[in-house]
1. Using a simple spin-label model with points 7 Å from Cα along the Cα→Cβ vector, what separation in nm is obtained for Asn14 and Glu216?
2. Testing the spin-label approximation: label points 7 Å from Cα along Cα→Cβ at Leu412 and Ala29. State their distance in nm.
3. What FRET efficiency comes out for the pair Lys167/Val398, r = Cβ-Cβ distance, R0 = 30 Å, nearest 0.05?
4. Note the angle between two axes, namely the Cα long axis of helix 219-241 and the longest principal axis of the Cα atoms of the chain, as a number of degrees from 0 to 90, rounded to the nearest 10.
5. Please go through the stretch 195-250 and write out the chymotrypsin sites (Phe, Trp or Tyr not before Pro) that DSSP classes as loop and that have at most 14 other C-beta atoms within 10 Å.
6. Ranked from the most accessible area to the least, with a 1.4 Å probe and all protein chains present, what is the order of Tyr264, Tyr181?
7. Can you show me the helix-derived [θ] at 222 nm for the chain, built from DSSP H runs with n ≥ 4 at -39,500 (n - 2.57) apiece and divided by the number of residues, rounded to the nearest 500.
8. Give the relative contact order (percent, whole number) for the chain; include only Cα pairs under 8 Å separated by 6+ residues.
Amino acid sequence: MLYYLFTYLYKNHNIPGVGVFQYISFRTAMSVIISLMITTVFGGRIIKYLRKKQVGETVRNLGLEGQMQKQGTPTMGGIMILMGILIPTLLLAKLDNVYIILMIITTIWMGTVGFLDDYIKVFKKNKEGLAGRFKIVGQVGLSVIIGWTMYFSPDIVIRQTVTLPVKYDVPVEVHQVGNKYVYTQDIKSTKTNVPFYKHNEFDYAKVIKFIGPGYEHYGLIVFMLFTIFIITAVSNGANITDGIDGLATGTSAIIGITLAVLAYVSGNTVIAEYLNIVYIPNSGELVIFAGAFVGACVGFLWYNSYPAQIFMGDTGSLAIGGIIAAFAIMIRKELLIPLLCGIFLIELVSVILQVSWFKFTKKKYGEGRRIFLMSPLHHHFQKKGYHESKIVTRFWIVGIFLAIVTIVTLKLR
């Protein structure tokens, strides 16, 4: 909204200084600042309100040190994160940009699914919360919206350098890349970036190339399946990681900064050409959303760091996971998720391995056996006697390392 106001003032009244709103870098910085202000300034008031309404966390005694002290700590703090993301985005981003529209939908959609889960737990006194099948329906529903829009929307294209005569029946344009001029076309494509590969590109449609001529027509099915898997996995991974104070919040902030960098290079013609990655017209606007996301996570961390004054609940964790997955898909870096979201992945895998092995050994030996002292993995380290703060700090360090490696992969072939 502010973007449109200052753009109008700049074009019609030529007021000095308002032209800075044309720059993505300035609006990104402002989105971080506004997001931080919203979460930190209003965070205290929200915590007091939640305490007044007795919106407290119900803690099961798992035998972890200091665990029962968290009984009654306000939950549903993800509302703070959602506010910190949505308000700066609505104020500073171009609201007619299809990528921004999809990210706003993602934030509200997954936030609502998480809110329903928390509401049932807190107010209906049902510890199980929203049934797992309904969470899956929510995640799959969002995946279908994103996958369908990306496949069919005329506003979502990639720019490809071409040589004459052209293959695609779309307008040919001439663009300057560095010191040279090239022919380009903005085309619909199921291509994405893949790390450690010479040409750095992977086309989902080619997964079913074996069916013969015309396989391209079934690319939507493959792309949709990948989208559903990625959004469901990352969303659940973030949800599972949110088990000790500050772990999911800090990890998500690190991931958010990395995604902002990836969105910037994907939306910059010169850098995308230099790195030999897919250039995505108009995707640079996502950097502003990423700035709001990082600001919201860091601001929430002010109250969520040990000892936590508030928990994000599923309202926050499911939304964060959905946002990260959808964002990565839109900038066509989703195949970097196993590396970038390595913390989420190992936490999720630790639960899957623990449950699977327990069921297998119980069926085979009549007694369930465990791989870890407790899952997810962070609880395993708690059982080994590590303090929460040490576990969180070390996980953050691993997250930073993975983020750096993720960015480096752009140049590794």
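1. The modelled label-to-label distance comes out at 4.9 nm.
2. According to this spin-label approximation, the distance is 3.3 nm.
3. 0.10
4. On a 0 to 90 degree scale, this one is about 40.
5. When the chymotrypsin sites (Phe, Trp or Tyr not before Pro) of the stretch 195-250 are filtered for loop state and at most 14 Cβ neighbours within 10 Å, Phe196, Tyr197 remain.
6. Highest to lowest solvent-accessible surface, that is Tyr181, Tyr264.
7. Taking each H run of at least 4 residues, the total per residue is -19500 deg cm²/dmol.
8. Contact order relative to length: 23 percent.
The values are calculated or read from the model by the stated rules, or taken from the named source; none is laboratory data. As the structure is a computational prediction, the values presented were derived from the model and not from experiment. Every residue, glycine as well, gets a Cβ built from its backbone with ideal geometry; the counts of neighbours run over all protein chains shown. What goes into the accessible areas is simple: the full protein's heavy atoms, side chains included, and nothing from ligands, DNA or RNA. Shrake-Rupley method; radii C 1.70, N 1.55, O 1.52, S 1.80 Å.
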